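The values are calculated or read from the model by the stated rules, or taken from the named source; none is laboratory data. Everything quoted here is computed from the prediction, not taken from an experiment. Cβ placement follows ideal geometry from the backbone for every residue including glycine, while neighbour counts extend to all protein chains displayed.
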Amino acid sequence: MRVLVIGGGGREHALVLSLSLSTHVQEVFCCPGNPGISQIAQCAPIQISDFAKLAEFASSNKIDLTIVGPDEPLADGIVDFFEERNLKIFGPRKAAAKLEWSKYFAKEFMLRRNIPTAKYAAFDTREHAIAYAYSRKLPIVIKADGLAKGKGVAVVHSHEGAIGAINACFDGKFGESGKLVIIEDFLPGREASVFAICDGEDYALLPTAQDYKRLLDGNKGPNTGGMGARSPHPLMDANILEKVEQRVIRPTLQGMKEEGKPFKGFLYVGLMIDYDKNPYVVEFNCRLGDPETQVVLPLLECDLFEVLVKATEGNLGQYKGRLPSADLNGRGAAVTVILASQGYPEKVATGMPIRFRVGCSLGGQSQLLDHTGDILPEKSKIILFHAGTKLDNNRNLITSGGRVLAVTALAANEYEARRSAYAAVDKIDFAGKQYRSDIAKD
Ligand code: AMP
Ligand code: GLY
């Protein structure tokens, strides 16, 4: 089988790696990919928004299944586009992806379906939004309705802050996405990410994960795309997971089907677990998380490609329920630490040479390196997922984006995984490198 992955970040690198391990998969392609991905897949420089070229590529390369990494192409209808051309693709159609591209739709859907989430109201005028903000107890959460590259959400602790966030939306900071504003009550608790591979009706669960969204240690500083992750999530025992399945995942799939938008694809449920261990939905995404994918997929102990083919065919069969993975029964854990460029998540400095310190057992080379390699402690495994990297004219690896590398460690337990992830982090340098030192620490 020949597989195409769309995207070019750390998440897509992890998808490509898992798919390339499938016994069914002969060749993996990736558009546009990155230097890390190009070590295990054939990359072609086609932009993720160019559906016509992507479909032409899939067709001429006899691709058996296409898998979409990022949210934008899904929101723009890439699945519909491929299906209209009889090309097999795994992901939700545009109508089902609305769970992610319209927070208003998602909130109304949850209300209709009795799915636990924060109380909210939606506004298309500044004045009404501000009046409502004043009527709620602080903190509150202001959200742009549409996609905003993870930046459209502000948790505010003052009315001035609320007005600032509301104005940012109506002043056009997020373009069309901010024309409708959602104001939500603040949910206290701990965040968790749950991922389900859905076939339109049923689902297969991936290991749970925790994302670290804030830039700085101690969950301080601005929100980012994610500065690290661990899997499994320490709070997400079988009990809580059962609640999530019963109260969120099943009614979501059933509701979407009944409303004529069956959900096929990765369903990413962003949750807040309150102090009574009850789950509330913070957001739905219709794709995998980045960097959660970089910890979740390496733990899987089944053939991801096989699961995705079955889900695409609309029948998960034996894969329904919890997928076999190394974290079950406390056998394994994964931790990933993001190395980001100076300035991230705002304007970043790029073009910095990336160096791997001599003696580093990550493959030895100073530019392109192996994905896997032993590093202390011996029983763990390091996988280096590329995100914002590229090769310069001399084929040296340089930084090219905000999040540069995701350093994932797999080990028998989280403590070991954490230790080896940070041991590897110490061996990778580029000017302005910044990272959190407290991933998986608590
Ligand atoms: P979202 O893009 O909707 O996931 O929001 C980004 C982040 O804002 C989430 O990961 C949470 O940390 C925070 N957040 C969003 N909504 C709420 C809420 N209702 N209560 C508390 N925190 C929230
Ligand atoms: N890790 C957060 C996201 O992918 O949206």
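When PRO92, PRO116 are checked against the criterion of being within 16 Å of ligand 2 (Cβ to nearest atom) and touching a helix residue (DSSP H, G or I) at 6+ places or on another chain (Cβ under 8 Å), PRO92 stands alone in meeting it. Checking each residue in segment 174-187 for being within 15 Å of ligand 1 (Cβ to nearest atom) and more than 23 Å from the chain's Cα centre (by Cα) picks out LEU180, VAL181, ILE183, ASP185. Inside segment 215-235, residues that are within 15 Å of ligand 2 (Cβ to nearest atom) and either under 30 Å from VAL309 (Cβ atoms) or without any contact (Cβ under 8 Å) to a residue 24 or more places away in the chain (or both) make up a count of 7.
The numbered conditions (1) surrounded by 15 or more Cβ atoms within 10 Å (Cβ to Cβ); (2) more than 9 Å from ligand 1 (Cβ to nearest atom); (3) hydrophobic (A, V, I, L, M, F, W, C); (4) at pLDDT 95 or above are all true for ALA131 except (1). Residues in segment 177-193 that are away from ligand 2 (no atom under 16 Å from the Cβ) and in contact with an Asp or Glu (Cβ under 9 Å, 6 or more places away or on another chain) were compared, and the one that is nearest to PRO116 (Cα to Cα) is LEU187.
Within segment 6-59, if we keep just the residues that are within 16 Å of ligand 2 (Cβ to nearest atom) and not in a loop (DSSP other than H, G, I, E, B), the residue that is farthest from ASP290 (Cα to Cα) turns out to be ILE6.
Look at VAL244 and say whether it is buried (at least 22 other Cβ atoms within 10 Å of the Cβ) and without any contact (Cβ under 8 Å) to a residue 60 or more places away in the chain. Considered against the rule, which asks whether it is buried (at least 22 other Cβ atoms within 10 Å of the Cβ) and without any contact (Cβ under 8 Å) to a residue 60 or more places away in the chain, VAL244 comes out as yes.
In segment 276-320, the residue that is farthest from ligand 1 (Cβ to nearest atom) out of those that are without any contact (Cβ under 8 Å) to a residue 24 or more places away in the chain and over 27 Å from ALA95 (Cα atoms) is GLN318.
Can CYS286 be described as crowded, with 20+ Cβ neighbours inside 10 Å and modelled with pLDDT of 95 or more? Yes: the conditions hold for CYS286. Note on segment 107-121: among residues that are of a type outside the set (Lys, Arg) and either in contact with an Asp or Glu (Cβ under 7 Å, 6 or more places away or on another chain) or away from ligand 1 (no atom under 16 Å from the Cβ) (or both), the one that is farthest from ASP185 (Cα to Cα) is ASN114.
Yes/no per residue for (1) at pLDDT 95 or above; (2) surrounded by fewer than 19 Cβ atoms within 10 Å (Cβ to Cβ); (3) not acidic (Asp, Glu):
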site	(1), (2), (3)
ILE40	no, yes, yes
ILE48	yes, no, yes
ASN61	yes, yes, yes
ILE78	yes, no, yes
ARG93	yes, no, yes
LEU99	yes, no, yes
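Which one is nearest to ligand 1 (Cβ to nearest atom) among residues in segment 216-236 that are in a loop (DSSP other than H, G, I, E, B) and modelled with pLDDT of 95 or more? Taking the candidates together, the pick is GLY226. Residue under question is VAL404, and the condition is that it be touching a strand residue (DSSP E or B) at 6+ places or on another chain (Cβ under 6 Å), closer than 21 Å to ALA349 by Cβ and modelled with pLDDT under 95; does it hold? Judged against the criteria, VAL404 is not a match. Considering only residues that are buried (at least 16 other Cβ atoms within 10 Å of the Cβ) and farther than 27 Å from VAL244 by Cβ, look in segment 134-164 and name the one that is nearest to ligand 1 (Cβ to nearest atom). Restricting to residues being buried (at least 16 other Cβ atoms within 10 Å of the Cβ) and farther than 27 Å from VAL244 by Cβ, the top hit is VAL156.
Residues in segment 270-298 that are part of a strand (DSSP E or B) and over 13 Å from ALA97 (Cα atoms) were compared, and the one that is nearest to the chain's Cα centre (by Cα) is GLY270.
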